[in-house]
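Chemist: Would you mind keeping the following structure in view while I ask a few things?
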């Protein structure tokens, strides 16, 4: 349901609802898509029920997945999500971002993989 290949999801403590954001050259953009299926995603991935509201997020990285790269899903502190947003804003050039930004995004996820919990089957995110 998410139209781009990179997003992060977190739960609001006050509403209990999940929000999705896309990092991009303009900053973090909130998705206007309905996330009514989040309960189904949690059913298939019970570890997501343990996300601390407004503290932890699920980061979904499917960049290159349609070209054979493995999709990656991580539970990480929400500040890591905004670190990714800042990294993209800093290094983005032109319409597609340029090679520098995608190299930096790759480095970010390589580092994240060493430091955070991987969600092996974040189905439908």
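Chemist: Just wondering, is there one or more residues in segment 3-16 that are in contact with a strand residue (DSSP E or B) (Cβ under 8 Å, 6 or more places away or on another chain), touching a residue at least 60 places away in the same chain (Cβ under 8 Å), surrounded by 12 or more Cβ atoms within 10 Å (Cβ to Cβ) and over 16 Å from residue 108 (Cβ atoms)?
Modeler: The answer is yes, given that some residue of segment 3-16 is in contact with a strand residue (DSSP E or B) (Cβ under 8 Å, 6 or more places away or on another chain), touching a residue at least 60 places away in the same chain (Cβ under 8 Å), surrounded by 12 or more Cβ atoms within 10 Å (Cβ to Cβ) and over 16 Å from residue 108 (Cβ atoms).
Chemist: Which of the residues spanning segment 60-89 are surrounded by fewer than 17 Cβ atoms within 10 Å (Cβ to Cβ), touching a helix residue (DSSP H, G or I) at 6+ places or on another chain (Cβ under 8 Å) and in a helix (DSSP H, G or I)?
Modeler: 83, 87
Chemist: Okay, next question. Would a scan of segment 47-58 turn up a residue that is more than 22 Å from residue 13 (Cα to Cα) and touching a strand residue (DSSP E or B) at 6+ places or on another chain (Cβ under 9 Å)?
Modeler: No.
Chemist: Let me ask another. Could you please give the count of residues in segment 35-53 that are within 21 Å of residue 113 (Cα to Cα) and either without any contact (Cβ under 8 Å) to a residue 60 or more places away in the chain or surrounded by fewer than 14 Cβ atoms within 10 Å (Cβ to Cβ) (or both)? Explain how you work it out, then say what you get.
Modeler: Narrowing segment 35-53 to residues within 21 Å of residue 113 (Cα to Cα): 45-52.
Still in the list and also either without any contact (Cβ under 8 Å) to a residue 60 or more places away in the chain or surrounded by fewer than 14 Cβ atoms within 10 Å (Cβ to Cβ) (or both): 46, 49-52.
Residues that pass the stated criteria total 5.
Chemist: Could you look through segment 10-28, keep only residues that are on the phi < 0 side of the Ramachandran plot, more than 12 Å from the chain's Cα centre (by Cα) and assigned to a strand (DSSP E or B), and pick out the one that is modelled with the lowest pLDDT?
Modeler: Of the residues in segment 10-28, the ones on the phi < 0 side of the Ramachandran plot are 10-15, 17-26, 28.
Checking the rest, the ones that are also more than 12 Å from the chain's Cα centre (by Cα) come to 11-15, 17-18, 25-26.
Next cut, assigned to a strand (DSSP E or B) only: 11, 18.
Working: 11: 92, 18: 89.
Residue satisfying both the conditions and the ranking: 18.
Chemist: OK, next. Which condition number in (1) at pLDDT 90 or above; (2) out of contact with any strand residue (DSSP E or B) (no Cβ under 9 Å at 6 or more places or on another chain); (3) surrounded by 12 or more Cβ atoms within 10 Å (Cβ to Cβ) is the one that residue 107 fails?
Modeler: Just one mismatch for residue 107, condition (3).
Chemist: Search segment 39-59 for residues being touching a helix residue (DSSP H, G or I) at 6+ places or on another chain (Cβ under 8 Å) and part of a helix (DSSP H, G or I), and hand back the single one that is nearest to residue 4 (Cα to Cα).
Modeler: Pass one, segment 39-59, residues touching a helix residue (DSSP H, G or I) at 6+ places or on another chain (Cβ under 8 Å): 41-42, 48-49, 54-59.
With part of a helix (DSSP H, G or I) added as a condition, the list becomes 41-42, 48-49.
Numbers: 41: 18, 42: 21, 48: 21, 49: 24 Å.
Ranking the candidates gives 41 first.
Chemist: A further question on this structure: For segment 29-38, enumerate the residues that are more than 13 Å from the chain's Cα centre (by Cα), in a loop (DSSP other than H, G, I, E, B) and closer than 17 Å to residue 73 by Cβ. Quick ask: steps written out before the conclusion?
Modeler: We begin by selecting, within segment 29-38, every residue more than 13 Å from the chain's Cα centre (by Cα); these are 32-38.
Next, from what is left, pick out any that are in a loop (DSSP other than H, G, I, E, B): 32-37.
35, 37 - these are the residues of segment 29-38 that are more than 13 Å from the chain's Cα centre (by Cα), in a loop (DSSP other than H, G, I, E, B) and closer than 17 Å to residue 73 by Cβ.
Chemist: If residue 92 meets every condition in (1) under 27 Å from residue 14 (Cα atoms); (2) buried (at least 16 other Cβ atoms within 10 Å of the Cβ) apart from one, which number is that one?
Modeler: So the condition that residue 92 fails would be (1).
Chemist: What number goes with the only condition from (1) within 17 Å of residue 4 (Cβ to Cβ); (2) assigned to a helix (DSSP H, G or I) that residue 95 does not pass?
Modeler: (2)
The values are calculated or read from the model by the stated rules, or taken from the named source; none is laboratory data. Note that the coordinates shown come from a computational prediction; the quantities given were computed from them, not determined experimentally. Using ideal geometry, Cβ is built from the backbone for each residue, glycine included, and neighbour counts are taken over all protein chains shown.
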